[in-house]
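Single-structure report; data block below.
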Amino acid sequence: MWTSGFNVPGSEKLEIELQADIIQSGDAFVTLRAQVNIPLTALDTILWLPEALFDCNQDFCLEQTITRPAAQTEIKVIAIDTNGCQAQASLRLNEESDPKVFIPNVFSPDADGINDLFTVYGNKDVEMIDELQIFDRWGNQVFVNTEFPPNEENYGWDGSFKNQAMNPAVFAYWARVRYKDGTEGSFRGDVTLVR
């Protein structure tokens, strides 16, 4: 009979971190980096999900540049070491939002087909015009419309009040705009009606 004591070295717990570089990558791409706390020789597998976004032609891809997803997407990276232990990290890529709003300062409702209606314009990140109000110089509300899409002139003001054409003048407007990312913006200014 023989008895002896000995120590079995344990393996280091596998940990992984995932970072996105959206500044250096530009508008069309995003670079993702995975960092592990063990040497590459102790790694067995690195998986990137969703698979359709990634194309790795090496044994281990710890950095990948992908086309920026058009919609909100959850990215996961899974690392498996040579002992079969696994760790994963994830991050959510949101669609970049850069709303731009344009409100003209002059319009001419003279039925010539050019600049006949006053409305609010926006890029693809502007979802809805929640409210547009127009006031004359005495503070009387001459127009209001709610819940209409941007860039649609038919929802705007035609320069009339109670079915009567308004005389050329400067009018004040106030608009509340909703963006696709759920935030809102408000705008105020004046517009000149010319005939």
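Take the alpha carbon gyration tensor of segment 16-93, find the square roots of its eigenvalues, order them as a ≥ b ≥ c, and report rounded if a/c is under 1.5; if not, report prolate when a/b exceeds b/c, else oblate. Taking the square roots of the gyration eigenvalues as a ≥ b ≥ c, segment 16-93 is prolate.
Approximating the spin labels as points 7 Å out from Cα along Cα→Cβ, the THR41-to-ASN163 distance works out to 9.0 nm. In this entry, the chain is assigned a mean projected area of 18.6 nm², taken as a quarter of its C-alpha convex hull surface.
When the charge dipole of the chain is built from unit charges on Cβ atoms (+1 for Lys and Arg, -1 for Asp and Glu) and taken about the Cα centre, the candidate among SER90, VAL120, TRP157 whose Cα reaches farthest toward its positive end is TRP157. In this label model, LYS100 and LYS76 are separated by 3.8 nm, measuring between points 7 Å along each Cα→Cβ vector. Measuring nothing but alpha carbons in segment 101-193 and taking Rh as the Kirkwood radius, the Rg to Rh ratio lands at 0.96. Using a Cα distance threshold of under 29 Å, what count of lysine pairs results for the chain when pairs must be 8 or more residues apart or interchain? For the chain, the number of qualifying lysine pairs is 6. Extending 7 Å from Cα along the Cβ direction at TRP2 and again at SER90 yields two label points whose distance is 5.2 nm. Couplings 3J(HN,Hα) for segment 135-151, derived from phi with the Karplus relation 6.51 cos²θ - 1.76 cosθ + 1.60 (θ = phi - 60°), are 10, 7, 5, 9, x, 7, 6, 9, 7, 8, 8, 10, 6, 9, x, x, 6 Hz, where x marks Gly and Pro.
By DSSP, the beta bridges lying fully in segment 101-193 are antiparallel in about 95 percent of cases.
Quick note: the coordinates plus some simple rules give every number you see, no bench work behind them. Fair warning: this is a prediction, and the values are worked out from it, not measured in the lab. Cβ coordinates were reconstructed from backbone atoms using ideal geometry, including for glycine residues, and neighbour counts include every protein chain displayed.
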